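Written out below as structure tokens is the structure these notes cover.
Just so it is clear, none of the values below were taken in a lab; they were calculated from the coordinates. Computed from a predicted model, the values in this text were never measured in an experiment. Note that we place each Cβ from the backbone using ideal geometry, even for glycine, and neighbour counts take in every protein chain shown.
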Amino acid sequence: MKFAVIGTGMMGCEHIRNLAHIPDVELVAVADPNEKPRDWALKACGDRFQPAVFEDYRALKALNLDAVIIASPNFTHIDVVRDLAETPFHLLLEKPMCTTLDDAREVIEIDESRQAMIWVALEYRYMSATTHFLQRLPEVGDLKMFFIREHRGPFLKKVGNWNRFNRNSGGTLVEKCCHFFDLMNLVTGAEPVTAFSSGSQDVNHLDEVYDGERSDILDNAFTIVEFDNGVRACLDLCMFAEGSPNEQELTATGSSGKLEVHIPDNQLSFSTRSGEHESYMVPHDPGIEFMGLHHGASYLEQKAFIDAIRSGQPPAVTTRDGFRSVAMGVAAQESIEHGQPVSIQVF
Ligand SMILES: NC(=O)c1ccc[n+]([C@@H]2O[C@H](COP(=O)([O-])OP(=O)(O)OC[C@H]3O[C@@H](n4cnc5c(N)ncnc54)[C@H](O)[C@@H]3O)[C@@H](O)[C@H]2O)c1
């Protein structure tokens, strides 16, 4: 299976390293407008691949490829998808699918017009702790509340500092939190109807100025989302909490019990209302050959993408999933801007 990777910064190189740990795939080309990332790509290939290297990803259209991984900055996703729309290549498109609702709608239209699949890379679904949490979820009974906490350090530096501005990333609640909104959708199994969010930029990047413009990204927020089945979910995001023992905590509470898991220590606990309690460490999926920076999740997702291509199955993470997670992020950003709950009607 012949692959190409577009955008070979941090995430593109993780994808290359994942590919290097998967048999029977070949990386035939990489494309990045910047020289340093092109060098990083070759380094990530090691002895396994000798790809052709392009500055402009549009050169890939002339190649004989099966699949393309798109790991360029968020605001470029729409142009890359538009440019590859007519190709027969399967696309693994990094999150967030797009930075705006109009662009995300267009990606759905493009997806529906082509034979090959578009799979949105929402890889938190593939973390071993998350998949185990999802398996045990029915034990809480009738789910009523779902809570996600992400307490971590500030956004990393990116090539050209694109992630310092809302217009490039979609805003923190789209860029980072589309992962968590996607998990809310999976866990509740319902459609989001309202988002209410309070947040601001209080600590990070306050003195960062690029070409005379100060960074405008949020570093903390509380967001409450109501779903059409009555479940309510809450996201607690803080990006000046690098001392936290865990970056993420997921808690689901229902009519019978409460399920909780912490990432990355993978400690899971389950308790019933009648007082039974168990706690244990979730083992990593034994199928993980490369951990990368995401606990093996992007490796497992890439394997699933490849398996779907080989077996002709549809994508497990669709452009509709991508759209829903972007829409919730956009609603949360708007709620902060206007100080009011925002109604969501996704489909
Ligand atoms: N799944 C995850 O958990 C996860 C984690 C990190 C990043 N991401 C996503 O991956 C994408 C890349 O993020 P990153 O952290 O690697 O950023 P990065 O800045 O490290 O890398 C982006 C690369 O894209 C290149 N680029 C810029 N414009 C381009 C264009 N028009 N065409 C092709 N390449 C272009 C840059 O030169 C750079 O090398 C983003 O969409 C980001 O949201 C996902």
Check 329, 292, 287, 322 and return the single one that is closer than 19 Å to residue 15 by Cβ, out of contact with any Asp or Glu (no Cβ under 7 Å at 6 or more places or on another chain) and surrounded by 18 or more Cβ atoms within 10 Å (Cβ to Cβ).
-> 322
Surrounded by fewer than 16 Cβ atoms within 10 Å (Cβ to Cβ), closer than 17 Å to residue 187 by Cβ and away from the ligand (no atom under 16 Å from the Cβ): does that describe residue 311?
-> no
Kindly provide the set of residues from region 1-59 that are basic (Lys, Arg) and either within 9 Å of the ligand (Cβ to nearest atom) or in a helix (DSSP H, G or I) (or both), ordered by number.
-> 17, 36, 38, 43, 58
Residue that is more than 10 Å from the ligand (Cβ to nearest atom) and either out of contact with any Ser or Thr (no Cβ under 7 Å at 6 or more places or on another chain) or in a strand (DSSP E or B) (or both), where the choices are 102, 79 = 102
Just one of 125, 114, 152 is within 14 Å of the ligand (Cβ to nearest atom) and out of contact with any Cys (no Cβ under 9 Å at 6 or more places or on another chain); which is it?
-> 125
Of 122, 143, 137, 93, which residue is buried (at least 23 other Cβ atoms within 10 Å of the Cβ) and either without any contact (Cβ under 8 Å) to a residue 60 or more places away in the chain or in contact with a Leu (Cβ under 8 Å, 6 or more places away or on another chain) (or both)?
-> 143
Residue hits (region 138-170; of a type in the set (Lys, Arg) and part of a strand (DSSP E or B)) are 144, 149
Which strands (runs of 3 or more DSSP E) does region 256-347 wholly contain that include 1 or more residues that are within 19 Å of the chain's Cα centre (by Cα)?
-> 257-263
